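Here the structure comes first, spelled out in structure tokens, and everything after it is commentary.
The values are calculated or read from the model by the stated rules, or taken from the named source; none is laboratory data. Since we're looking at a predicted model, the values are computed, not measured. Heads up, the Cβs are rebuilt from the backbone with ideal geometry, glycines too, and the neighbour counts pull from every protein chain shown. Heavy atoms of the whole protein, side chains included, go into the accessibility calculation; ligands, DNA and RNA do not. Shrake-Rupley method; radii C 1.70, N 1.55, O 1.52, S 1.80 Å.
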Amino acid sequence: YIEEIDEEVVRLGNLVQDLKLLSRFDAGRAELGKDQVDMLRFAASLQHQSEQQADEKHIHIALDLPSEPIPINASINHLTVVFRNLLDNAIKYTPEGGEIVWKIVKEAQGIDSTIRDTGRGIPPEHLPRLFERFYRVDRARSRDIPGTGLGLALAKSIVEAYGGVISIESDGAEKGTTAHVFWPYQPKRPQVQIN
């Protein structure tokens, strides 16, 4: 019982932190980071941090990176929240023995990042709702798979605050999932369109 209570306290603490960060981004009050971060070193570091979680399920995480460094200006904490959420999801929803490939390509205005897994995939009717707060594709198993249900909503708020774009694709159940993130080299808040 004590173990279960400890786990619930950690889950609620994470939920509060995610909600606070999400509310700051939604209100436009979050300060965008301008630290210079090499995306290649960042990706290698995050892959290393995720290895233990992946090894428990015998999942291989591969990086497909350019040979030259790719510096971008951002908060390393914001980058970590976005890409750790995407990697965590890929690991959680990929069965034992699967594979995750994280590919980063240098574009003219920023980096194009794809995280592709061989996991259980997502039925097409769920794709439009993935970035909603607290939305879980498989509600019946939501207690078995840890998470607050805010990860993708938070990732979307952060990416869009920097002027980037995030999307998720899947060919359906048992056909894997691909997360795409375009992140500009410099923070650039998207312009508000008035109709």
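Observations, loosely collected:
- Any hit, the range 66-85, residues being at pLDDT 95 or above and open to solvent by 80 Å² or more (accessible area, probe 1.4 Å): no
- Answer residue from the range 93-117, given it is within 17 Å of GLU169 (Cα to Cα) and in a loop (DSSP other than H, G, I, E, B) and is least open to solvent (accessible area, probe 1.4 Å) among those: THR94
- Residue within the range 131-151 that is out of contact with any strand residue (DSSP E or B) (no Cβ under 9 Å at 6 or more places or on another chain) and modelled with pLDDT of 90 or more present: no
- Of the listed requirements (1) at pLDDT 95 or above; (2) open to solvent by 50 Å² or more (accessible area, probe 1.4 Å); (3) not in a loop (DSSP other than H, G, I, E, B), GLN49 misses just one: (1).
- The one condition in (1) modelled with pLDDT of 80 or more; (2) surrounded by 11 or more Cβ atoms within 10 Å (Cβ to Cβ); (3) among the acidic types (Asp, Glu) that GLU31 fails to fulfil: (2)
- Among the residues of the range 16-45, those that are over 14 Å from TRP183 (Cβ atoms), of a type outside the set (Gly, Ala, Ser) and part of a helix (DSSP H, G or I) comprise VAL16, GLN17, ASP18, LEU19, LYS20, LEU21, LEU22, ARG24, PHE25, ASP26, ARG41.
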